[in-house]
Structures are given as C-alpha cells and as structure tokens.
1. Just for region 7-36: of the residues that are over 28 Å from residue 153 (Cβ atoms) and touching a Lys or Arg at 6+ places or on another chain (Cβ under 8 Å), which one is surrounded by the most Cβ atoms within 10 Å (Cβ to Cβ)?
2. Can you name the residue in region 62-75 that is farther than 20 Å from residue 8 by Cβ and out of contact with any helix residue (DSSP H, G or I) (no Cβ under 6 Å at 6 or more places or on another chain) and is also surrounded by the most Cβ atoms within 10 Å (Cβ to Cβ) among such residues?
3. Within region 76-92, restricting attention to residues that are among the aliphatic types (A, V, I, L, M) and loosely packed, with under 12 Cβ neighbours inside 10 Å, which residue is modelled with the lowest pLDDT?
4. Would you mind finding the one in 106, 9 that is of a type in the set (A, V, I, L, M, F, W, C) and under 30 Å from residue 145 (Cβ atoms)?
5. I'd like to verify a number: residues in region 93-129 that are loosely packed, with under 14 Cβ neighbours inside 10 Å and charged (D, E, K, R), how many?
6. Pairs please, first residue from region 91-114 and hydroxyl-bearing (Ser, Thr, Tyr), second anywhere and in a helix (DSSP H, G or I), Cβ atoms under 8 Å, 6+ apart in sequence or on different chains.
7. Does region 160-167 include one or more residues that are basic (Lys, Arg), modelled with pLDDT under 90 and in a loop (DSSP other than H, G, I, E, B)?
Amino acid sequence: MEDRYKISVVESLILAAPEPLPGKKIADLLDDFNSSKVSKAVAELNDRYVESGSSFRIRELAGGYQFFIMPEFTGYVQEMFSRTRKLRLTRAALETLAIVAYKQPVTKTEVELIRGVASDGVIHNLMEKKMLTIKGRAETVGKPLQYGTTDEFLKFFGLNKLIDLPKMSEIEELVVSAESENQTELGLIDDINSENLKFNVNDGAEELEEVVQVEATTEDESETIADEVAEDIADGVIIDVDQT
C-alpha cells in the first residue's frame, strides 16, 4: 500500500472507532506500520485539515486517537444536542475523584480519612458512571478493595494520560496565590472601614474560597450541580485536598 493510502486508512479507522483508538491497534492493522508512523500519519492528516479550513482535528485522548470539533464550532454542535443530558457531578463526587486521581490505588477508608465523611454512596455512584473502577486489593488487614480512575475519567476532563494532571506543587502554588489574594482583599476592606465607609467584608471572599477549596459534603446532599468546579478541574485548578 502507498503511504498516502495508508494515511487515509488511519483516518478511516479513527473516524469509525466509537472510543479513542490506540496507535498500536492501528499499526497492527497495517503492514510495515508502527506507532511512530501512526503518529506521523495523524500529524499529516491534521495538516490537511488546517490547510482546508476543516472544523475538526485528531487529538490524543485517553491513550488513543479521536476526532474532535474545534472550539469555534462547538457551540453549534452543542445547540444541536442541547436535549442530551450531560454527565453532572456533585461537589462530593469531584472531591472524591480528586483524591483517587492523585493517590490511586486507594481504599475507601483512605478516601474517607481525607474527606472526613462516609464515601460509600459517592464511590458507588462514580463506579456506575464508569469514572472509577476496582484496581485490586490492599495488602492490609481484611484486604480492602482499592479504587482508581478510568479512561472515562480521562475523557471527561480532556486528559490523555494521568501524568497530564497538574502536579501537586502547582496546585499548592495556586492555593497560596489565591490565599494571598484573599488576604490582600481583606486588607483593603480594613482600610476602607477605617474611613467609616460601609463595605461588606464577605464580598468576593466566598467566591474565591469556592475556587480554592471544595468543602466535604454528605452523601444525602441534594444533587447540586458543580459545573463551575468541573471546569476548574479541567483547567488545572484542582480541589485542595488536605493530605494530613
């Protein structure tokens, strides 16, 4: 097969796959092809799409390749599928996901020690949503189950691999920066109050705290939608998890 034809074959395989298609699986279907050549084929395809002004590209996601719509066109697609219910996560679910993502494999007891509340229901719901899965058993008394994230978790937050998660040091810097900003705001408030002007001390402080730290919630909490928090995680602002 000519290289140009093989590139088209790569394109057709990725287009037909319902899930991100691993490069190795593509290479296995083509003679004299390997993962490196698949990567080059994808790069050439993306160059073609750029030159033709196409509304889509191919990206690496969850360990495989998948087509995606460019941001400037997603609004039209979302409008078309506006009746499709999106996967929604509560704050408790997001907090649990953050703990598992950074400490996996982790047991339910370890999650509960960090969160400070029972997490049976949250973990069960996340497993039903295929965001968490059982990774094995811990070598401790009772050999409790250990949990980890799934490819569905990677796709939900737009990650290719777990190593793409922000480093804990980066998160700590964000937290320190936000806390410093909060203190600066409070200092300005004190200055204003000293001049006998009325000012609400809590203005902006609660919103800032919500970005920095998500409070633990109980399992029977109402299904409050946490879209803003989910966007923060996808952008690299992960929940501040107390590891002590």
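1. 33
2. Taking the candidates together, the pick is 63.
3. So, considering only residues that are among the aliphatic types (A, V, I, L, M) and loosely packed, with under 12 Cβ neighbours inside 10 Å, the one modelled with the lowest pLDDT is 87.
4. Only one candidate qualifies: 106.
5. 2
6. 96/111; 96/115; 96/122; 96/123; 96/126; 102/168
7. yes
Residue-by-condition table, conditions (1) in contact with a strand residue (DSSP E or B) (Cβ under 8 Å, 6 or more places away or on another chain); (2) in contact (Cβ under 8 Å) with a residue 24 or more places away in the chain; (3) aliphatic (A, V, I, L, M); (4) within 28 Å of residue 128 (Cβ to Cβ):
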| position | (1), (2), (3), (4) |
| --- | --- |
| 18 | no, no, no, yes |
| 36 | no, no, no, no |
| 45 | yes, yes, yes, no |
| 48 | no, no, no, no |
| 58 | yes, yes, yes, no |
| 68 | yes, no, no, yes |
| 80 | no, no, yes, yes |
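The values are calculated or read from the model by the stated rules, or taken from the named source; none is laboratory data. If you're wondering where the values come from, they're calculated on a predicted model, not measured in any experiment. Methodologically, a virtual Cβ is constructed for each residue, glycine included, from the backbone with ideal geometry; neighbour enumeration extends over all protein chains shown.
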